[in-house]
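The values are calculated or read from the model by the stated rules, or taken from the named source; none is laboratory data. These numbers come from a predicted model, not from an experiment. Cβ atoms come from the backbone with ideal geometry, glycine included; neighbour counts cover every protein chain shown.
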């Protein structure tokens, strides 16, 4: 089992470009989350999903959109990237218990 | 507002015991979790407290006092591999996590 995977691992964007980050899980978990982590800031919740076809806003949703068309995938989109979105993005999943399982992260730089 | 406070850095030597404190102020509280993160890698779950008291898992223990909005992570018999960042996180509404800013633990020989 791969657990939680994220694609890509690294990406450099120019201001105004768009991109989609993919999170895939093979644990059949209902809940999926997107966090961003900035130096000294801990992890902050961007958007989350409680099941296929559902999404909800987290603490810092502005500038991002998400989709959960299939249970195993959770996509995070940046329509017009800004330097303030330079960060490390982590996906996580959760089912039943309190433990969240994190992917390896995507390191995004916006110039 | 919602906030979790934990020390930014802690240093210790191998074999020692260290305690990382966390105080929280959040709307909605189901429990307090602790996560470990090495060198910016994936955070990994360490422990969870929903009720007051101490939970022990090997060398790591976690404590919660709901009345004081306070918890701590206790690491015993420290090893070099314990050098990492440790995050407390409040479980809200049974799903979402609100994280503290993290404590960087440096273990020296």
If you take the residues in segment A:71-98 that are surrounded by fewer than 18 Cβ atoms within 10 Å (Cβ to Cβ) and closer than 15 Å to residue B:91 by Cα, which one is modelled with the lowest pLDDT? A:97
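Looking at B:73, B:32, B:4 in this structure, which one is away from chain A (no Cβ under 13 Å), in a strand (DSSP E or B) and buried (at least 19 other Cβ atoms within 10 Å of the Cβ)?
Values: B:32 fails: away from chain A (no Cβ under 13 Å); B:4 fails: away from chain A (no Cβ under 13 Å).
B:73 is the lone residue from the list that is away from chain A (no Cβ under 13 Å), in a strand (DSSP E or B) and buried (at least 19 other Cβ atoms within 10 Å of the Cβ).
Show me the strands (runs of 3 or more DSSP E) entirely contained within segment A:1-94 in which 3 or more residues are out of contact with any helix residue (DSSP H, G or I) (no Cβ under 6 Å at 6 or more places or on another chain) and within 14 Å of chain B (Cβ to nearest Cβ).
Working: elements: A:4-7, A:10-13, A:19-25, A:31-38, A:42-49, A:65-67, A:73-78, A:87-94.
It comes to A:4-7, A:31-38, A:42-49, A:87-94.
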What is the number of the single condition among (1) within 15 Å of the chain's Cα centre (by Cα); (2) more than 24 Å from residue B:85 (Cα to Cα); (3) loosely packed, with under 13 Cβ neighbours inside 10 Å that residue A:20 does not meet? (3)
So if I check each of B:5, B:9, B:14, B:77, which one is within 11 Å of the chain's Cα centre (by Cα) and over 28 Å from residue A:3 (Cβ atoms)? B:5
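How many residues does segment B:91-109 contain that are away from chain A (no Cβ under 11 Å) and at pLDDT 95 or above? Lay out the reasoning, then the answer.
So in segment B:91-109, the residues away from chain A (no Cβ under 11 Å) come out as B:105-109.
Applying the additional criterion that residues be at pLDDT 95 or above yields B:105-108.
The total comes to 4.
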